[in-house]
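Structure, as structure tokens:
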Amino acid sequence: MKWINILFVAIFLMIASPFNTLAEDIDENKVEQEKCYSEQELSHMHKAMRVHIDYYYELLINKYRPELMEDWKESVRDRDAILKKIKELSKEGADLTSLQPTEQWKTKHEEYQESFLEAIKNRDNEKIKTILPLFLQLQQMWNDSQRESLQRINDNN
């Protein structure tokens, strides 16, 4: 009787084992599909959020620093043209490693974001007025840096 139970368990494990492996393969495929989907979704969300964020800044600039509006819009148009050029070069397979923002830029960006978040949370109008021109300068700095890097990439090709 003991041998029958052992035989039964062994047969069950042999039969169930391929299904377990199949289930693992299905789960891995599902995870891979979800990963691809989420990357596509992330790209779409990033593009959609950019529109919202740009509008948010326009509203804030209009309210707190209307004298900066034309410079801001020009800077955003410039940024969009640079991003379009980067996308074109990426499709061509160009080496875009030089387009990474500098550590100085990253540090300033993080600092400004933290200050801005604090100002928005506290509804500190004076601090918001102070930070908005800094964001404009930061965007212009990024534009200049990227334009120079793109020029070097074009010169090397």
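The values are calculated or read from the model by the stated rules, or taken from the named source; none is laboratory data. These figures come from a predicted structure and were not determined experimentally. Glycine also receives a Cβ, built like all others from the backbone with ideal geometry; neighbour counts cover every protein chain displayed. For accessibility, only protein heavy atoms count, side chains too; no ligands or nucleic acids. Shrake-Rupley method; radii C 1.70, N 1.55, O 1.52, S 1.80 Å.
Summary table below
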item: Positive minus negative residues near GLU148 (Lys, Arg vs Asp, Glu; Cβ under 14 Å); result: 0
item: Computed lengthening from ASP155 to LYS85, 0.36 nm per intervening residue step minus Cα-Cα distance; result: 23.8 nm
item: Segments 88-94, 58-64 sorted - mean Cβ within 10 Å per residue, highest first; result: 58-64, 88-94
item: Theoretical gain in end-to-end length, TRP105 to GLU148 [0.36 nm per residue, Cα-Cα removed]; result: 14.0 nm
item: Selected from ILE120, TRP105, ILE131, residue furthest toward positive end of dipole (the stretch 80-157; charges at beta carbon); result: ILE120
item: Per-pair calculated FRET efficiency, R0 = 41 Å: ALA48 and GLU126 via Cβ, rounded to 0.05; result: 0.80
item: In nm, spacing of pseudo-spin labels at ARG77 and GLU114 (7 Å Cα→C-beta vector); result: 3.6
item: Peptides 118-127, 65-74 ordered by average Cβ neighbours within 10 Å, highest first; result: 65-74, 118-127
item: Probe 1.4 Å - accessible area at TRP105, Å² to nearest ten; result: 40
